[in-house]
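Enquirer: Mind looking over this structure? Questions follow.
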């Protein structure tokens, strides 16, 4: 594939980076595509929209851990380049000191102590869903397991009754660019408006009579007399609802697909339950639910030996970084439930490390434990795996498989 010089910056355009324009991928083999990106260099320029692509682990880490040099406030997705917001649409669009303030105010609601109190209820929910799955015959595990578990957990965190759980799923789907379910923009806008109206209602209730749930904690938490405004609360709850649902669902379904494709690795879990924790980390690395996020250089700098000018965006391709041989060695392309160390970036890194990481880990572990408790000895794919065309979320839309017990 040839490259051409095509912009005033003097950077050479790499056509492979066009996959990060818009919201859809057109490549069939993502793994091979990421490998080709990494082989072409530490930074690749897209002249069509004017951004760098960083496909390797080292450069992704360098960007993620330097929020002074690479900011989030100018957009985190390529279609936001040039956009200006009167207020940040999500906490992910903020930088220190604003981001530091937000973290201080919301972290108490998602700390390890809080997640520990959820352990029993999350495992109970996972067990109930797994126990309803048919054994020794084909079932698509996405609708009855991967979809409802994160929805139930998020809905309970938000204090939403069971009759609204289906709404949580619809709101989440409508909020993710590139998903096929709600391609109709009018329907997408209506669902987003409905979601925000419900979130604002919950915020108003929590201000008057806070409950012992996430909204109640967020509404009442103060740091040096400072607390979140109603708009800030709604912004964060929107992010929680979408990110906590969509990413965990695809991690669960993608992880089960990986275990079906690598039956020897499931056999290792059956033989040694102590590997569940490391298996969760490998599932996170392997699936990498969030494909990329973007930062923008605040000053002239250098990345991977390549000069980056102030104002130039950099796309951190987490999904590629998590397959980088330079970090994970010659087995980077192998699924290994015992991998250690495992310095994956599935949750990002640095200041924007995912707040819900502990909860996501708990949900994935709960599913694995529930399947092992039910006596599943092998997972076998029973048909083609359906995958989303989104270049933002690595979605698994269908995962037909047989849960063998003999």
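The values are calculated or read from the model by the stated rules, or taken from the named source; none is laboratory data. Please read these numbers as outputs of a predicted model, since none were measured by experiment. Cβ placement follows ideal geometry from the backbone for every residue including glycine, while neighbour counts extend to all protein chains displayed.
Enquirer: Filter segment 115-129 for residues that are under 23 Å from the mean Cα position of the chain (by Cα) and in contact (Cβ under 8 Å) with a residue 40 or more places away in the chain; which is surrounded by the most Cβ atoms within 10 Å (Cβ to Cβ)?
Expert: 126
Enquirer: Could I ask something else about it? Checking the condition over 30 Å from residue 403 (Cβ atoms) and crowded, with 17+ Cβ neighbours inside 10 Å, which residue from 65, 69, 100 passes?
Expert: The match here is 69.
Enquirer: Provide a single number: the residues in segment 9-49 that are surrounded by fewer than 19 Cβ atoms within 10 Å (Cβ to Cβ), part of a loop (DSSP other than H, G, I, E, B) and free of Cβ contacts under 8 Å to residues at least 60 places away in the same chain.
Expert: The qualifying residues number 7.
Enquirer: Of the conditions (1) assigned to a helix (DSSP H, G or I); (2) more than 26 Å from residue 398 (Cα to Cα), residue 279 satisfies every one except a single condition; which number is it?
Expert: Unmet condition: (2).
Enquirer: I'd like the residue in segment 130-142 that is part of a helix (DSSP H, G or I) and surrounded by 13 or more Cβ atoms within 10 Å (Cβ to Cβ) and, out of all such residues, is farthest from the chain's Cα centre (by Cα).
Expert: Per the stated criteria, the residue is 130.
Enquirer: Hey, another quick one. For segment 220-234, how many residues meet the condition of being surrounded by fewer than 22 Cβ atoms within 10 Å (Cβ to Cβ) and assigned to a helix (DSSP H, G or I)?
Expert: 5
Enquirer: A follow-up question, please. Which number in (1) part of a loop (DSSP other than H, G, I, E, B); (2) out of contact with any strand residue (DSSP E or B) (no Cβ under 8 Å at 6 or more places or on another chain); (3) modelled with pLDDT of 95 or more marks the one condition that residue 2 misses?
Expert: Failed condition: (3).
Enquirer: Would you pick out the residues in segment 211-238 that are farther than 22 Å from residue 115 by Cα and under 24 Å from the mean Cα position of the chain (by Cα)?
Expert: 231, 232 - these are the residues of segment 211-238 that are farther than 22 Å from residue 115 by Cα and under 24 Å from the mean Cα position of the chain (by Cα).
Enquirer: The conditions are (1) at pLDDT 95 or above; (2) at negative phi, and residue 234 fails exactly one of them. Which is it?
Expert: (1)
Enquirer: Checking the conditions here, which among 123, 101 is closer than 27 Å to residue 366 by Cβ and assigned to a helix (DSSP H, G or I)?
Expert: Matching residue, one of 123, 101: 123.
Enquirer: Given the structure, is residue 345 buried (at least 21 other Cβ atoms within 10 Å of the Cβ), in contact (Cβ under 8 Å) with a residue 40 or more places away in the chain, in contact with a strand residue (DSSP E or B) (Cβ under 9 Å, 6 or more places away or on another chain) and in a strand (DSSP E or B)?
Expert: When the stated conditions are applied, residue 345 does not pass them.
Enquirer: Looking at (1) touching a helix residue (DSSP H, G or I) at 6+ places or on another chain (Cβ under 9 Å); (2) at pLDDT 95 or above, which is the only condition residue 50 fails?
Expert: In the conditions (1) touching a helix residue (DSSP H, G or I) at 6+ places or on another chain (Cβ under 9 Å); (2) at pLDDT 95 or above, residue 50 misses (1) alone.
Enquirer: Here are the criteria: (1) touching a strand residue (DSSP E or B) at 6+ places or on another chain (Cβ under 9 Å); (2) closer than 30 Å to residue 59 by Cβ. Tell me which single one residue 383 does not satisfy.
Expert: (2)
Enquirer: Something else about it: Return yes when residue 340 is assigned to a helix (DSSP H, G or I) and touching a helix residue (DSSP H, G or I) at 6+ places or on another chain (Cβ under 9 Å) and no when it is not.
Expert: No; evaluated as a whole, the condition is false for this residue.
Enquirer: Only one of 375, 333 is closer than 17 Å to residue 284 by Cβ, surrounded by fewer than 21 Cβ atoms within 10 Å (Cβ to Cβ) and over 13 Å from the mean Cα position of the chain (by Cα); which?
Expert: Only one candidate passes the filter, namely 333.
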